[in-house]
1. Name the single residue that is modelled with the lowest pLDDT among those in region 103-142 being within 30 Å of E35 (Cα to Cα) and surrounded by 14 or more Cβ atoms within 10 Å (Cβ to Cβ).
2. For region 47-76, which positions are open to solvent by less than 40 Å² (accessible area, probe 1.4 Å) and part of a loop (DSSP other than H, G, I, E, B)?
3. Of all residues in region 20-34 being assigned to a helix (DSSP H, G or I) and open to solvent by less than 40 Å² (accessible area, probe 1.4 Å), which is nearest to A71 (Cα to Cα)?
4. For region 77-102, what are the residues that are of a type outside the set (S, T, Y), part of a loop (DSSP other than H, G, I, E, B) and open to solvent by less than 80 Å² (accessible area, probe 1.4 Å)?
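The values are calculated or read from the model by the stated rules, or taken from the named source; none is laboratory data. Bear in mind the structure is a predicted one, so any value in this text is a computation, not a measurement. Note that each Cβ is placed from the backbone with ideal geometry, even for glycine, and that neighbours are counted across all protein chains shown. For accessibility, only protein heavy atoms count, side chains too; no ligands or nucleic acids. Shrake-Rupley method; radii C 1.70, N 1.55, O 1.52, S 1.80 Å.
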Amino acid sequence: MGVAFLVVPILEVAVIIAVGRVIGAWPTVLLLLAESALGAWLVRREGGRTWGALSGTLRGGGMPSRQLVDAALVLVGGTLLLTPGFVTDVFGFFCLLPVTRPLARRLLERVVTRSLLGPMPPAWGSRTAAGPRGPAGSGEGAWSGGSAGPGGSAGPGGGAGPGRHEGNGRPEVVRGEVVDPPPER
């Protein structure tokens with residue numbers, strides 16, 4: 001993160017000089033001012049929309065997780081757009097525009113998830129890089145030696161329940177009937 005505080009300003013100055021050489025100094029300054037004005041107008045518009053969606057969700061009793069992420073993206077995007085420079089403006093518009101904000105939201109969610117939880121294990125039933133037969137053709141499934149899954153002992157590598165991989169790489173199928181528990185008294 002500290003490297004970004006050193007690299008971004010140098011990159012911004014280099015891009016501003018390059019653009020200034022192509023279109024001239026005054027047009028470059030006018031372009032930067034126009035981008036800042038457009039950014040301020042867009043922040044006001046998208047901020048109002050985001051605030052309306054957030055308060056509507058709260059009034060409805062829902063959990064406003066997506067709306068809070070959108071509000072954070074609008075705030076970050078607006079800050080980046082008010083910072084003079086073309087590189088920060090590109091990232092600011094990426095966070096702010098309704099067309100690109102869903103992608104920015106997914107990227108932000110991945111970054112936050114990885115920073116809080118660390119790298120996620122492969123999805124249930126997926127294979128490792130070693131291939132469908134496990135490491136070095138050992139005949140083991142990708143989930144060999146794992147712990148119990150979310151249902152107790154019935155998980156990949158833990159116990160003899162559904163989801164356990166046999167040597168063929170497919171989960172074991174358990175046939176049966178689903179019975180609802182009796183009502184509590």
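1. Initially, region 103-142 is screened for residues within 30 Å of E35 (Cα to Cα), giving 103-112.
Subsequent filtering for residues that are surrounded by 14 or more Cβ atoms within 10 Å (Cβ to Cβ) retains 104-105, 108.
Working: A104: 93, R105: 92, L108: 89.
Filtering region 103-142 for residues that are within 30 Å of E35 (Cα to Cα) and surrounded by 14 or more Cβ atoms within 10 Å (Cβ to Cβ), the one modelled with the lowest pLDDT comes out as L108.
2. The answer is G62, P64.
3. Here is the first cut: in region 20-34, the residues assigned to a helix (DSSP H, G or I) are 20-23, 25-34.
Of the ones still in play, those that are also open to solvent by less than 40 Å² (accessible area, probe 1.4 Å) are 20, 28, 32.
Details: G20: 34, T28: 30, L32: 24 Å.
For region 20-34, the residue satisfying everything is L32.
4. Those that are of a type outside the set (S, T, Y), part of a loop (DSSP other than H, G, I, E, B) and open to solvent by less than 80 Å² (accessible area, probe 1.4 Å): G85, L97, P98.
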